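Following: one structure in structure tokens, then a few remarks.
Just so it is clear, none of the values below were taken in a lab; they were calculated from the coordinates. Remember, it's a predicted structure, so these values are computed and weren't measured experimentally.
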Amino acid sequence: MALRHRHRQVSTKTILLATVAGITVGGPLLALMAFSFLTTMALFVVTSPLLIIFSPLLMAASFVFLAALVGFGAAGLMAIAGLSALSWVLRSVKDDGLKGLNLTQKLVESGEKLKEKVVESGENVMDTGKDWVNHLKQPVENSPENKTANKASENVKDTGKDWANHLKQTAENSAEIRTADTA
């Protein structure tokens, strides 16, 4: 069987009606698109100088916003890690508690161990404090800085005595010269 191609003839009236329908629907859409484009460009022209002027402030605000987001993200991750660690501890206590020790006895034992460690570390702090107090109570004369200061003051005293002797000798010499001139 041979296929026949039938060519349909489109009438002028159909073409005219399709054109009118296209303009009726497309015209307002094209007008709205042009209006939207023109208002966008007008707002861009008006706000671009403001954007340039306030860009340092906007940049700082964006950095603060970014830091806040990072902080909240880190807090969320830490919360998830804390909850998972807590569930792991509770699961391990529950599993170990079933092997012969009850939960309250286990908590009492861990509290006693903690108390011993706190007392031990407190004693270490007290010993260290006593050592510092004894160190600070040592006489200042034994310190190397004071020995240097004492040597310096002795040198000043010696230099002062030397200058006093020199001036005394000069005064005696000048007195001898005057008495020799008058005689």
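Rounded to the nearest Hz, the phi-derived 3J(HN,Hα) couplings of segment 33-40 under the Karplus curve 6.51 cos²θ - 1.76 cosθ + 1.60 (θ = phi - 60°) are 5, 5, 4, 4, 5, 5, 5, 5, where x marks glycine and proline.
Length available on full extension from Thr128 to Val93: 0.36 nm per residue minus the Cα-Cα distance, which gives 8.9 nm. Computed from backbone phi with θ = phi - 60° and the Karplus coefficients 6.51, -1.76 and 1.60, the 3J(HN,Hα) list for segment 54-62 is 9, 5, x, 5, 5, 5, 5, 5, 5 Hz; x is used for glycine and proline.
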